[in-house]
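Trainee: This structure is in structure tokens; I'll ask about it shortly.
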Amino acid sequence: MIKGRTIHDEIDSQNAENLVLCKNNPKDGFHKSNELLKNAELNDYIKGIGEAYRNLAFSSQLLGLIPEAHEYARKSAQIFETNNDKKNLAHVYHTLGFILDHLDKQTERLEVNEKCLLLSRELDEGDWILRTLNNTGDCHTKLGNYNEAITFFKECLSLLDENDSFMNSVVTCNLGEVYYCNRQYEQAIIQFENSKGNAQLNQSIGIEITNVLFISRCLHKQDQNLKAIETMYTILIKLKKFTKQQKTLVFTKTAA
């Protein structure tokens, strides 16, 4: 019994380490999680198997191996559902939501996000609540449920720390997109300007430029074409300066 507990403890510890590694180095995290999965299966340790699948799903998603990530996440979720492991289940649902977004399965994604939000609220996991509210709002946007999307984004903003400029820039940009899709261009511009200001505070160039692009599109929709063109020029100047610095530009709105 002591030996069994020791093996289980070691697998738990390695799964925890691998989760961090998957975020920082998905390729290495994937390989180490795959090896640990074999060890957990050899010892018939169900929790260890579920967490190894969880890590494989997370790393696969980051590596762009979406079909594989989907399979790993499903296997992991099934184990945690059976064992009523709510914290791990919330984590897997969160990852699965992103995977389903990549697969453009928005209805299924919405169901998973709602389950994730319910568990996150029950566990009082503040960060997961915020990110899942944002992701659920994005899902409603893609499904054309604009009023529902606005409700989720506004709740997310109401819970956000005003000093969290990154998440504020992400959520307000997403909210602006809802208004844009719903042809509420004045409201959209307000949100995009707000998001742009927050993006500048945390130097998220990709988000800043995304906002300027949307603002230009809003102006075009309002037949303010000269102003739209002038706005586009500010992007070109920003990109030219950024290119000279030889940095990688990442466009991210819903990353959470």
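Values in this text are rule-based calculations from the coordinates and carry no lab data. Just so we're clear, the structure is a prediction, and the values are computed from it rather than from any experiment. Neighbour counts run over all protein chains shown; Cβ positions are idealised from the backbone, glycine included.
Trainee: Taking Cα atoms, how many degrees apart are the long axis of helix 46-63 and the longest axis of the chain, rounded to 10 and kept between 0 and 90?
Mentor: It works out to around 30 degrees.
Trainee: Expressed as an acute angle from 0 to 90° and rounded to the nearest 10, what is the orientation of the C-alpha long axis of helix 146-159 relative to the principal long axis of the chain?
Mentor: It works out to around 70 degrees.
Trainee: In whole Å, how far is the Cα centre of segment 21-44 from that of segment 74-104?
Mentor: 17 Å
Trainee: A follow-up question, please. May I ask for the angle, rounded to the nearest 10°, between helix 205-221 and the longest principal axis of the chain, with both axes built from Cα atoms and the value confined to 0 to 90°?
Mentor: On a 0 to 90 degree scale, this one is about 40.
Trainee: In what sequence do Tyr146, Tyr53, Tyr185 fall when counting other Cβ within 10 Å, fewest first?
Mentor: On the way: Tyr146 17, Tyr53 25, Tyr185 20.
Going from least to most buried by this count: Tyr146, Tyr185, Tyr53.
Trainee: Evaluate the Debye formula for the chain with equal point scatterers sitting on the alpha carbons, no solvent, and hand back log10 of I(q)/I(0) at q = 0.15, 0.17 Å⁻¹, in q order, two decimals.
Mentor: Treating every Cα as an identical point scatterer, log10 I(q)/I(0) equals -1.07, -1.25.
Trainee: Divide by every residue of the chain the summed helix terms, -39500 (n - 2.57) for each DSSP H run of at least 4, and state the resulting mean residue ellipticity at 222 nm, rounded to the nearest 500 deg cm²/dmol.
Mentor: Numbers: 12 runs with 214 residues, N = 256.
Mean residue ellipticity, 222 nm, calculated: -28500 deg cm²/dmol.
Trainee: Counting other C-beta atoms within 10 Å, which of Ile79, Ile207 has the fewest, and how do the rest follow?
Mentor: Final ranking by Cβ density, sparse to dense: Ile79, Ile207.
Trainee: Which order results if Val212, Val178 are arranged by neighbouring Cβ count within 10 Å, fewest first?
Mentor: Numbers: Val212 20, Val178 24.
The most exposed by this proxy come first: Val212, Val178.
Trainee: What is the chain's relative contact order, in percent, from Cα pairs under 8 angstrom and six or more apart in sequence? It would help to have the intermediate numbers written out before the result.
Mentor: Numbers: 339 pairs, mean separation 26.0, N = 256.
Worked out over the chain, it gives 10 percent.
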